[in-house]
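Data first, discussion second: the structure below is written as structure tokens.
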Amino acid sequence: MKSKAVIYFILVILINFLSCQDTQNEDYQILGSFFKDNNTDIFLVIPVDIGCETCIEKSIEFIKDKHPKKYKVILAGANQKQNKIFFNKHGLSENDFLKLDEKHILFKNELIFTNPIIYQFKNKILKKKVELVPNNIHQELLNLKLQ
């Protein structure tokens, strides 16, 4: 009787583990789908119309000043008109490393909330997800710069 319980327990853990990996791989596929040549495992996702205004502004300053080709950036907002205004206000334009989520794909898939988020994958499996808030933004952007 105990052996059956152990087998069921192991089976449940295995199923949970595999379903978690599928979700993480799906997140990678969604984030990577914004770029024709997705050769990175790091994504910085920035909301444009809600959230911590200071964190958003610091993230924008960071990508304008120190953007290596090691990661990709996606700007996301709930309002298409606001997205365009934000892009123009900051002198941004879409290119190989910076895209605008005009179809709200990230919101629909719960990959963006009210603060910028750094997603780091290894072999398409989520290794680290960091939400940028006032008390960690300087250190996390520095870590991103050093990668």
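Each value in this text was obtained by applying a stated rule to the coordinates, not by laboratory testing. Since the model is a prediction, treat every value here as computed from it, not as a measurement. All Cβ positions, even for glycine, are placed from backbone atoms using ideal geometry, and neighbour counts span all protein chains on display.
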Query raised in the report: THR54 label point, 7 Å along Cα→Cβ, cut-off 16 Å on backbone N: hits in segment 116-146?
Result: 116, 132-141
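Rank-order 73-80, 42-49, 106-113 by packing density, defined as the average count of other C-beta atoms within 10 Å over each peptide's residues, highest first. Please list the in-between numbers first.
Numbers: 73-80: 20.4, 42-49: 22.5, 106-113: 16.0.
Top of the packing list down: 42-49, 73-80, 106-113.
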Requested in this report: Pop out the ³J(HN,Hα) list for segment 35-52 in order, Karplus 6.51 cos²θ - 1.76 cosθ + 1.60 with θ = phi - 60°, rounded to Hz; leave Gly and Pro as x.
Outcome: 10, 4, 10, 8, 10, 9, 10, 10, 10, 10, 10, 10, x, 10, 10, 9, x, 5
Query raised in the report: Is the shape of segment 26-120 best called rounded, prolate or oblate, per the rule: a/c under 1.5 gives rounded, else a/b larger than b/c gives prolate, else oblate, with a ≥ b ≥ c the square roots of the Cα gyration tensor eigenvalues?
Result: rounded
Query - Distance in nm between pseudo-label sites at PHE107 and GLU94 (7 Å out along the Cβ direction from Cα) - result: 1.7 nm
